[in-house]
Amino acid sequence: MCCCSGLLIGADMSVSSHNGPQGSDTSAIDRFIVAKSDSASIEAAPGIERANVAAVNSKAKAKSDKPSDDSSLYAEHTKIHPKRVYGMFRNIKWAVMIVALVVYYGLPWLRWNRGPALPDQAVLFDFENQRLFFGPLEIWAQEFYYVTGILVLASLSLFLVTALAGRVWCGYACPQTVWTDLFVWVERFVQGDRNQRIKLEKAPWTFDKFRKIALTHFTWLLISAATGGALVFYFRDAPTLFVEMFSGTAPSIAYVFLIVFTVTTYLLGGLAREQVCIYMCPWPRIQGAMFDDHSLLVSYRPLRGEPRGAHKKGDSWDGRGDCIDCKQCVVVCPMGIDIREGPQLACIQCALCIDACDAIMDKVGRPRGLIAYDTFENLEAAKTGGTVPVQWLRPRTILYMVLIPIVLGLMTYGWVNRAVLEVNVLRDRNPLFVNLSDGGVRNGYDVKVLNKRHDTRRVAVSVEGLPARAGAPTVEIVGLGPAAAQAIDVAPDNLRALRVYISLPAAGITALASDVTPITVVVKDLGDGTVTRRTSNFRSPRP
Ligand code: SF4
Ligand code: SF4
């Protein structure tokens, strides 16, 4: 069985299927894990406090909490108070968070000059005019397949990244992670780090406690409102909407969405936090199929760490593991899990436990990397003293690497060759045709001409496919007359709907071979000479 397949089933499976103490196939490493643990010790090593904590979302706890009849799906929520940690991965997370927040809040305010007739907001989802603007790109409602293409590209990129390095999206860039991180930062700023927050939570209600809790929630609500506000700015000119919001003249839908997004941001980022990742998000379940034994995942190296236990001054490191059981990896974990239990569904691969453990290893003078990004293959090979280098190129990663440029290439080709004059022709179904008093026949059509350019275009409408030798067909634009068919103005960024009659005189009708004659409606741009053709039929009485 694949080492990581337990993740498909859940945290329960993960420990027993991989390096877990309760696993049926107890290995040498497994036996190490059940070795000594000095729970009575206050210091894990000289000067290093042993955190008196159990993983909130641990397998053992989940089992002991489970009712005997196994009928309840309810899991009681235990608040997690992640401790501040310093290190490379924390710095990367700060950097990603700052970039993500700056981009999210700032993008609606970025301007892009598209000329006087068009909005100057760089990124605008202009649903009112059925268009999406991304800088120089302009996607019309008829071209929504480009959005589908972008989503396909994003999915393939996510699959590739997950196959290579697990849930890096979840750990670093997912909005739930970014906003939860921001909210925890606020909480820490107002209430202090982990120990102070726990102390405050347990303390009786005083004015100071009320002030700190109220200030935390008030700041969360402000951030949530700014988040909801920023989102609605993507759908309407941001500076205008900003003024409208505060003057009470914004569309009511803007207020509705502002409230909805404010409330959801507050609930998900401030209150639900890791519960969203564990219980609400489908991605942890899907990711089991995304990575394999060669994917780099945040892993505890039990062969090196076990048997764990406190390390006293002057003690030898021989015959024992490097893990001093300080539980710093547990107290910094935003998901409340103990990475030493093995790979778990709840782990978002944020690598904060790596930073925490590396800092401990530095303090006790042992090499870093007791917790590190590693592959299942390499962890297994380590049991027999071997190593397996990371295989970046594997069938699944090669497949994604091939598919991404193909999709990108197809989209680029489609975009470069996209029509800037769209024509749609719809023939009347009832009546199929009209007999004219002079013996001729007339068919009616709805012709829609969409001008995607930013200047007025003059077009001519004609027809091909009807016999001209015995009586030329005429094209008439209702309300404008036959002559107007040769010079019709279509305003910039506009769709012009034309009611078109195509008539064939009696002499022409007798020359038709069938009552259904394929025709081509031709729309010619009189400015640049480009021609757009659309096929249809001309119906007439049976010859
Ligand atoms: S793995 Fe590292 S941080 Fe975690 S308990 Fe062991 S020594 Fe401490
Ligand atoms: S176990 Fe480590 S990588 Fe996983 S969520 Fe916790 S801190 Fe992040």
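In this structure, the residue pairs whose Cα-Cα separation is over 23 Å, taken from 199/312; 79/363; 313/383; 83/327, are 199/312; 79/363; 313/383.
Which whole number in µm²/s is D for the chain by Stokes-Einstein, with the Kirkwood Rh taken over Cα pairs at 20 °C and 1.002 mPa s?
Rounded to a whole number, D works out at 74 µm²/s.
Close amide H pairs (under 5 Å, H built 1.01 Å from N) link residue 166 with 296, residues at least 5 positions away or on another chain. Taking every alpha-carbon pair under 8 Å whose residues sit at least 6 apart, segment 386-543 reaches a relative contact order of 25 percent. If you take all other residues with their beta carbon under 11 Å from the beta carbon of residue 138, and give Lys and Arg +1 and Asp and Glu -1, the sum is +2. For trypsin sites (Lys or Arg not before Pro), the sites in segment 255-317 that DSSP calls loop and that have at most 13 other Cβ atoms within 10 Å are 312, 313.
With charges only on Cβ, +1 for K and R and -1 for D and E, what is the dipole size of the chain about its Cα centre, in debye, rounded to 20?
320 debye
Taking 0.36 nm per residue of sequence separation and removing the Cα-Cα distance, the residue 526/residue 142 pair yields an extension gain of 135.9 nm.
The spacing between segment 124-181 and segment 423-456, judged by their C-alpha centroids, is 40 Å. One equal scatterer on each Cα of segment 421-539, no solvent, Debye formula: the resulting log10 I(q)/I(0) at q = 0.11, 0.20, 0.22, 0.23 Å⁻¹ is -0.35, -1.06, -1.24, -1.34. Taking amide H positions as modeled 1.01 Å from N, with prolines and chain starts lacking one, the residues under 5 Å from residue 526 and 5 or more places away or on another chain are 458, 459, 460. Which of rounded, prolate, oblate describes segment 88-286, given a ≥ b ≥ c as roots of the alpha-carbon gyration tensor eigenvalues and a/c under 1.5 marking rounded, otherwise prolate only if a/b is larger than b/c? It comes out oblate by the Cα gyration axes.
The aspartates and glutamates within cross-link reach of residue 209, meaning a Cα-to-Cα straight distance under 20 Å and a gap of 8 or more places when in the same chain, are 187, 193, 201. Close amide-amide hydrogen proximity is noted between residue 440 and 506, each under 5 Å apart and 5 or more residues distant or on a separate chain (H modeled in the peptide plane; Pro and chain starts excluded). Segment residue 388..residue 404, full-extension length gain: 3.0 nm, with 0.36 nm per residue of separation and the alpha-carbon distance subtracted. Label sites at residue 468 and residue 98, each approximated as a point 7 angstrom past Cα along Cα to Cβ, lie 6.9 nm apart.
How far, in degrees from 0 to 90, does helix 238-247 lean away from the longest principal axis of the Cα atoms of the chain, to the nearest 10? Roughly 80 degrees, rounded to the nearest 10. Here the relative contact order of segment 88-286, from alpha carbon pairs under 8 Å that lie six or more residues apart, stands at 21 percent. The largest-to-smallest principal axis extents of the Cα set in segment 400-490 are 66, 29, 28 Å.
Of the residues 155, 536, 295, 247, the one with the fewest other Cβ atoms within 10 Å heads the list, and the complete ranking is 247, 155, 536, 295.
Computed from the coordinates by the stated procedures, all read-outs in this text should not be read as laboratory data. For clarity, every value in this text was computed on a predicted model and none was experimentally measured. So basically every Cβ, Gly included, is an ideal-geometry build from the backbone, and we count neighbours across all protein chains shown.
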